[in-house]
Structure formats: structure tokens, C-alpha cells
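Data first, discussion second: the structure below is written as C-alpha cells.
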Number of protein chains: 2
Amino acid sequence: MHPLDQAIALRASERQDLSQEFTGATHPAYANMVGPFGGTAAAQLLQCAMLHPERIGEPVALTVNFAAPVADGEIRFVARPVRTNRSTQHWIIEAHQAPGVVATATAVFAVRRETWSDVEAVMPANVPVPDAVARMPVKGMPAWPQRYDMRFVEGAFPSAFDEQEQTHSRSTLWVRDEPERALDFASLAALSDSFFPRIYIRRRRRAMIGTVSLTTYFHADSALLAQVGTRHVLGVAKALNYQNGYFDQTGELWSPEGQLLASTHQLVYFKD
Amino acid sequence: MHPLDQAIALRASERQDLSQEFTGATHPAYANMVGPFGGTAAAQLLQCAMLHPERIGEPVALTVNFAAPVADGEIRFVARPVRTNRSTQHWIIEAHQAPGVVATATAVFAVRRETWSDVEAVMPANVPVPDAVARMPVKGMPAWPQRYDMRFVEGAFPSAFDEQEQTHSRSTLWVRDEPERALDFASLAALSDSFFPRIYIRRRRRAMIGTVSLTTYFHADSALLAQVGTRHVLGVAKALNYQNGYFDQTGELWSPEGQLLASTHQLVYFKD
């Protein structure tokens, strides 16, 4: 079983009306410096809705708020579809550890219909194929980056925190699960949080950081994700603004064929 | 009293532990074609947290999910701080109308500290001052656009739905409340939803649309908003992707002096 599938494995427990409880746990394969990688938490929260017996459709939007540090160990989730319409469904999902809420999520699921479609964002041009780019060395890194095969075309994690401030924080990289795993909504949700903090790229200086809110829009349906399979996707990320303790980050995840799979945004606390 | 202040006026009603109920209503001055303007709903949801007796700090992130059509009339809100830390606070807020939830919101509030700060996004250059740009005519429009003074530099609301598809959906405009009103978090939240649907700009073709999820990051604190006062702010918006019934929109709101006040993202349902 792939470590991501282990990490998002949930056991359904109590159910009261529409509220379904699940029990999960942090996984050492996705440990961060302190506590778990936020991407796995996002994937677990999404998975609660995926597994809920009343679920309709597939995810189109997910917002995760990281409310408090998650301790290594068990996490109790409560997932509730607050509104189910004909083709859309709205969710509130909470993650609890004693003594309280450690994360919340809202999600929108939808049954899609075929319509006029077009991509307006521009995928970076002239990007070498993944095989032509070296994998980022992960030795000495926390567990979670070791669960990704990242190949940076620009804006790599700084090899040294030399405090040489850069003019921008843009990163472009090929990324896939390591070991390989066919792309699905859970892994796409986790990938949305796999961009290193923009302030590291920009300032090449250590800072305490913590994502407070992460929003991902899923443009792909499961059929398109299946087409991507186990191949790399192209990630692009940049910051818009750093202001008094918070910066935001905006990112895109592209299929090798140039389909926008997800756009993702987050707000990150930092202390310099 | 300014119509926006009337629209976001809430009456505190029941309180159970940390959950505080408020009663509000839709306001005819912000009516849309059907139901109310989503921006006012976002401002009402945010206002619940602003008015809650347990609130700390100022908003840094707000996500509103529009779950069902809102009928004209009374709305019952329930606001709950699910986690309060030393300098951050996490909220879940629900809006109810019989027979159920019509919108949900999550918000992050924070007490900011001064840090290294810098803007990385680029404000459009060579934009004429507001006085040099004509105000968009609002005759024949629903009530809510009449509550804004919008001056389009590019990407205006199409004067005719001539089905001449454009290459992009980018809009740049000066915008302020009409009548004038000093900028605050409520009006900034509402402004975040004031960009016309990108698909109208892109396709110049009518479509049924409805925002399903709206996220706004507030980069400004109340002191900076006070500096902007009643002046116009510069709005920029574009779409990234349109795919089988949903498109996303990303936007920025800038002070005249080039400070990024808010970045905002939404996912919109459409039917063509």
C-alpha cells in the first residue's frame, strides 16, 4: 500500500444524522519538522467527504484552515454535507485532537456536465521534460519532501540560506508522488500544499512559517486525472504579497499535455 | 446611513456557548438579477465574526461558499470561533434560510505584528487616474452595480453580447462604493465579489452563472484601509480556466499608492 493511501486511510465511526465521524492518524512517512505535512491533512479532510455515504459528484473546491498544531497520533474527523442540491454539494469538515479543533475544511462537490471549455492561464513554455531535470536531493530533509520527486526548473529550495534576497519567489517544477502513485483527488489536494514556502525562495533566510488557509480549485475530473496517471505534473507557484506576518501564495498544477488540473492559493503566517 | 451599512446591519440574538446567532436580511439596494449580490452576503458573514464578543484581531482570510439561492428577506447567521490561539482565531459561520443552509464561511482573524514586508505582484502600470476614466453606465443594470462607481481601463462589461470571443478576460478598473464610503473590511469583502463574471468578458455571450466559492486574503490592516478612505481602489481580475461547468477567477485590489489590499479567488458555476 502506498504511504499516501496509508496516510489517508480513515475508519468510519459514529454517525448522527448527516454527520459522519472518521478516525485517522498522522503518518511518519509524511512528517514535517514539527507535526505532519499540511498536504496530507488536506487530503484526509477531503477524503472524509469522498468516503461519506451521502457524497455526490467530485470535488471542485476545497478550503482547509489550519487552526492549531497537529500532534503526532490519532485525529478525529467530523464530516457533514450541509447542503445537497441536484448537482452540487457543500461540506463542512472538522479535524479534532484533544483539546479542540485543529483544522476545518469546506468543500464543494459537483456533478460536471460537458460545456465550452478553455484554459486562459499560460503554462510555462520551453520547460525541459522531467527526465532532463535533476531530482532535488532530499537527504537531510523532513520525511514529507522525500515522498515527492521534485525536479526544479526554477526557484528551487535554496541550497544555502545565504540571505541573498531574490527579486521574486517564482518556482517551476515537475513533481510526482514518490514512490509513483496514480494521480487522484487526494494526491492532487496534497500536491497543492507541496510548494515550499515562498518566503524561503524569496529571502533565502530561515523564518518560522505556518499555512493558515489553503484553497484549491480542482479543474480536472477523475477521467483527466487518470490520464495523467503516475507521470509528473508541472507545478508553478509565486507569492503576491508579504505584509506584517502573512504572505500569500498562488499556484498551478498542469498536466504534461497542458491541461490545468488545479489552481491553488494559500495564506501563510511568518515570523522573521 | 450608507446602504452597505444597512445591508450588513445584524441583530445579535441567541447565544449558546461560543455560538452566537445574528439576524440580518437582504437589502434591495444590493439586489442582483435574482436574489442578493454575493458580495453583500460575504460582508454579512464576515460581519458576524467582527461583531462577535469573543473576536480577536482583524480578518486575514475569508472563504464563503454559496450553497443555495438566497431568497429576499431575513437570514439567520450562526458564528462560532472554533479555535482561538494567542494571535489567531478560526471561525465557522453559517447562513440559514428555511429550509437550510444557504451559505457557509470560514475565516481566519489575526493580530498582526510588524515584519519585513514587500509586494511581489505587479500593479498595472500607466493606468490613468480615476477622474480621467468614464464611469460605467449603470442604467438598466440590477441594483448592486449601481452601488459601485466603476471606471474600466480594460475589460469592461460588454456593451453588447455580440458573441465575439475575446482572447482573454482580464479587467482593470477603478472602483469605489457609490455613494462614497470609507473603506473597511466589510466593503473590501464585498468588493472582492464585484468583478463581473469572467465568462461574460471572455465570450461576450450570456450564460447562467453562480459563484460557488469565494476566498479573499486581506493584506491590509484597518490603518491602511483608513488611509485609502473613500477613494477608488484599482481592481484587476482574470480567469485561469474554464472547464465543464466551472471557471475560476483571480483578482487583486490595490490602493492608489500601490499597496495590495486584498487578493481574491473564486470558483464559478456556469451553464452555456
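The values are calculated or read from the model by the stated rules, or taken from the named source; none is laboratory data. Model, not experiment: these values are computed from the prediction. Cβ placement follows ideal geometry from the backbone for every residue including glycine, while neighbour counts extend to all protein chains displayed. Each accessible area value is taken on the protein alone, full model and side chains, heavy atoms only, with ligands, DNA and RNA left out. Shrake-Rupley method; radii C 1.70, N 1.55, O 1.52, S 1.80 Å.
Things to note:
- The calculated 222 nm mean residue ellipticity attributable to helices in the protein assembly as shown amounts to -4000 deg cm²/dmol, summing -39500 (n - 2.57) over DSSP H runs of n ≥ 4 and dividing by all residues.
- Share of Cα-Cα pairs in region B:59-106 lying beyond 17 Å, as whole percent: 38 percent
- Derived scalar couplings between HN and Hα for region B:216-231 equal 10, 9, 8, 8, 8, 9, 5, 5, 5, 4, 5, 5, 5, x, 9, 6 Hz in order, rounded to whole Hz, by the Karplus curve 6.51 cos²θ - 1.76 cosθ + 1.60 (θ = phi - 60°), x for Gly and Pro.
- Under 5 Å between amide hydrogens, built in the peptide plane, is the criterion, and for residue B:83 it picks out B:90 among residues at least 5 positions away or on other chains.
- Residue-wise HN-Hα coupling along region A:178-184, computed from phi with Karplus coefficients 6.51, -1.76, 1.60 (Hz; x: Gly, Pro): 10, x, 3, 8, 5, 5, 9
- Solvent exposure of the protein assembly as shown, expressed per residue, is 39 Å² of accessible area, with all protein chains present and a 1.4 angstrom probe.
- Sorted largest first, extent of the protein assembly as shown alpha carbons per principal axis (Å): 62, 53, 48
- For residue B:103, the amide hydrogen comes within under 5 Å of the amide hydrogens of B:67, B:95, counting only partners 5 or more places away or on other chains and with H modelled in the peptide plane.
- From the alpha carbon centroid of region B:198-263 to that of region A:219-255 is 19 Å.
- At 7 Å out from Cα toward Cβ: residue B:12 inter-copy label distances (nm, ascending): 4.1
- Largest first and in whole Å, the equivalent-ellipsoid semi-axes of region A:33-148 read 29, 27, 10, each the square root of five times a Cα gyration tensor eigenvalue.
- Carbon/sulfur fraction of accessible area - the protein assembly as shown, other protein chains in place, 1.4 Å, %: 49 percent
- 10 Å Cβ neighbours from other chains, averaged over peptide B:212-224: 5
- Between helix B:38-51 and chain B: long-axis angle, C-alpha atoms, 0 to 90°, nearest 10: 30 degrees
- Residue-wise HN-Hα coupling along region A:114-131, computed from phi with Karplus coefficients 6.51, -1.76, 1.60 (Hz; x: Gly, Pro): 6, 9, 3, 9, 6, 9, 9, 5, 10, 5, x, 8, 6, 7, x, 5, x, 4
- For residue B:34, the distances from its label point to the matching points in the remaining copies are 5.0 nm, ordered from shortest, with each point set 7 Å beyond Cα toward Cβ.
- Region A:144-168 and region A:91-107 have Cα centres lying 31 Å from one another.
- Counting only heavy atoms of the protein chains and using a 1.4 Å probe, residue A:271 has close to 100 Å² of accessible surface.
- Gaussian network model of chain B, springs between alpha carbon atoms under 10 Å - residue of B:70, B:111, B:175 with greatest fluctuation: B:111
- Kirkwood Rh and Cα Rg combined as Rg/Rh, chain B: 0.95
- Summing charges over all other residues whose Cβ lies under 13 Å from the Cβ of residue A:103, with Lys and Arg as +1 and Asp and Glu as -1, gives 0.
- Value of Rg to Rh for region B:162-272, rounded to two decimals, is 1.01; Kirkwood radius and Rg both from alpha-carbon coordinates.
- Under 5 Å, built H, 5+ apart or other chain: amide partners of residue B:246: B:270
- Distances between copies of residue B:156, taken at a point 7 Å out from Cα along the Cα→Cβ vector and listed shortest first: 5.0 nm.
- Residues in region B:84-125 reached by a label modelled at residue A:162 [backbone nitrogen below 16 Å; 7 Å Cα→Cβ]: none
- Chain B: most fluctuating residue of B:43, B:237, B:223 per GNM, C-alpha cutoff 10 Å: B:223
- Shielding by other protein chains, A:177-190, mean Cβ within 10 Å: 0
- Within straight-line cross-link reach of residue B:271, lysines at Cα separation under 23 Å, skipping those fewer than 8 residues along the same chain: B:238
- Interface A:B - total buried accessible surface [probe 1.4 Å, Å², rounded to 100]: 5800 Å²
- The GluC sites (Glu not before Pro) found in region B:39-148 that occupy coil by DSSP, while having at most 11 further C-beta atoms within 10 Å, are B:114.
- When chain B is treated as a Gaussian network with alpha carbon springs shorter than 10 Å, the biggest mean-square fluctuation among B:241, B:126, B:32 belongs to B:126.
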